[in-house]
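The values are calculated or read from the model by the stated rules, or taken from the named source; none is laboratory data. Because the structure is a prediction, the values reported are computed rather than measured. Cβ sites come from the backbone with ideal geometry, for glycine too, and all protein chains shown count toward neighbours. Protein only, heavy atoms only, side chains kept; ligands, DNA and RNA dropped before computing areas. Shrake-Rupley method; radii C 1.70, N 1.55, O 1.52, S 1.80 Å.
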Amino acid sequence: MNESSFLSDKRPQSVTQTTSRGHSTLEINDDRYDRLKLIGWWNQDRLQASRVLVVGAGALGNEVVKNLVLVGVGNLSIVDFDRIEMSNLSRAVFFRDEHCGRPKAIVVAEMARQLNPDCRVVGWPVDVTADIGLGLVREMDVVIGCVDNREARLWINRMCWKVGVPWIDGGIQEISGVAKTYCPPAGACYECTMTENDFRLMHLRYSCPLLKREDLQQGKVPTAPTIASFVGALQAQEALKLIHGREVGSGIGLIFNGDANHFYRTTFPRREDCLAHETYDDVISTPLTSSSLVRDVFEWTEQRLGLVADSLELDRDFLIEFRCENCHQSAAVEQCTNKISHRAAQCPVCLNVRVPQTTNRIERGDRLADYRLSQLGVPTRDIVKIKHSGGVSFIELGGDRNPACSEGPREALAGDSTDGC
Ligand SMILES: [Zn+2]
Ligand SMILES: [Zn+2]
């Protein structure tokens, strides 16, 4: 590095202050990011313009947000439907006693804004698998996964792959942890890295298609705040490199064994037969919203694209009815499966577990074509997939982007939210 030219370009701004006695001066640097800008490749404007989605506001999420806000990442969205408990206070830097019972995402956002008022930080107390539209994800420079379960990781992975946004997954246990970077469409994805045993456990779980998020809470993972700092810092730092366009690789794991103090980098092999590599090319932005009827989407396709729509494919299974094999009775449900708990499958008459009848494809003549997309579980600002005479199109619900309102999931505007509009 050429020291002199470098310094002349980046001379810190200073102000001179006179003390009350009026005879001595001291220099106070008023540039918050002065030391960061001394890093050769650092671009503060680029960071200020960047958008990052952090999924999970627990121990890892706190650390990631803390670091991103310290360095002045301009736009942060934080998603977590969980509420703060006493046990979180030993591992999360932003949480205080008085926060217990409040949504994690909201509190982290509030505290992060205090830490650096330059940053626009929005908290969404919603479920990433049910309530976050692909249109929101598509706008991100990077998504950071700070979750503690496989289902959320699988979902984040598929979303990021569809819209081509890099994501950095963090995982911690006791005093060891890993940060994995995926940059679609290159390299391995999260599903490529899953072992046979992971798939076995996943299929066991998916054998019941009712996936209400609360039912999927796995056993509590033992973790120390020290490893959360370590892995959260790695995730944040890789994100900063990504935002700056620096090389991070794809399908890369940074693995730390805290017992042996063994740190290494590994490249995961890509599986060409992996089912998670679907990409949504050429997304078309439309004025349609999640309140539009399926029929409206078909009509739009016909009028604007000149193509005869055949069907709309849902990303989330829609439960039509429960059928009891014992009583030979059916009961209509009509809700997205991720909103139905496993307990709801029990027959109220004979207590037998009923068989769910689901669909993920709405055809032209289907009576569900008269339903609103939101009734079928399509979240705000999602991208829907339409099959038509010319193949397939990806249609973004651009009308959900109300400029007078925060551009996030609608559910976040209710309840304890102090964010949004
Ligand atoms: Zn894959
Ligand atoms: Zn029954």
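Values for this structure:
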{"item": "Ellipticity estimate at 222 nm from DSSP helix runs (n ≥ 4, -39,500 (n - 2.57)) divided over the chain, nearest 500", "result": "-7500 deg cm²/dmol"}
{"item": "Isotropic mean projected area of the C-alpha convex hull, the chain (nm²)", "result": "27.2 nm²"}
{"item": "Highest average packing first - 115-123, 65-73, 240-248, Cβ atoms within 10 Å", "result": "65-73, 115-123, 240-248"}
{"item": "Estimated translational D of the range 283-413 in µm²/s (Stokes, Kirkwood radius over Cα pairs; 4 °C; 1.567 mPa s)", "result": "81 µm²/s"}
{"item": "Carbon and sulfur %, accessible surface of the chain computed with the full protein complex present, 1.4 Å", "result": "48 percent"}
{"item": "The range 80-116: GluC sites (Glu not before Pro) falling in loop per DSSP and having at most 13 other Cβ within 10 Å", "result": "Glu85"}
{"item": "Convex hull volume per residue in cubic angstrom - Cα atoms of the range 247-295", "result": "227 Å³"}
{"item": "Rounded FRET efficiency, nearest 0.05, which uses the C-beta distance separating Arg364 from Glu321 and R0 of 25 Å", "result": "0.70"}
{"item": "Test item: Cα-centred dipole of the range 283-413, Lys/Arg +1 and Asp/Glu -1 on Cβ, debye", "result": "220 debye"}
{"item": "Net charge of neighbours whose Cβ lies under 13 Å from the Cβ of Ser389, counting Lys and Arg as +1 and Asp and Glu as -1", "result": "0"}
{"item": "Extension reserve of the Val349-Gln48 stretch, reckoned as 0.36 nm per residue once the Cα distance is removed", "result": "102.5 nm"}
{"item": "Cα-projected label distance for Cys274 with His203, points at 7 Å along beta-carbon direction, nm", "result": "1.9 nm"}
{"item": "The range 64-177: radius of gyration and largest Cα-Cα distance (Dmax), Å", "result": "14.1, 40"}
{"item": "Distance violations [Cα-Cα > 18 Å] among Lys37/Lys180; Lys104/Lys241; Lys180/Lys241", "result": "Lys37/Lys180; Lys104/Lys241"}
{"item": "Accessible area of the chain divided out per residue, in Å², using a probe of 1.4 angstrom", "result": "48 Å²"}
{"item": "Helix 59-70 axis, angle to the chain major axis (alpha carbon atoms, nearest 10°)", "result": "50 degrees"}
{"item": "Overall Cα dimensions of the range 44-267 - principal axes, largest extent first, Å", "result": "46, 41, 40"}
{"item": "With Cα atoms, 0 to 90° folded angle of helix 150-163 axis to the chain main axis", "result": "80 degrees"}
{"item": "Separation of alpha-carbon centers, the range 113-133 and the range 48-104, rounded to whole Å", "result": "9 Å"}
{"item": "Charge tally in the Cβ shell below 14 Å around Met86, where Lys, Arg are +1 and Asp, Glu are -1, Met86 excluded", "result": "+2"}
{"item": "Only Lys, Arg (+1) and Asp, Glu (-1) charged, at Cβ; the chain dipole about Cα centre in debye", "result": "360 debye"}
{"item": "Farthest positive-ward along the chain dipole, Cα basis, beta-carbon charges - from Ala309, Ser292, His277", "result": "His277"}
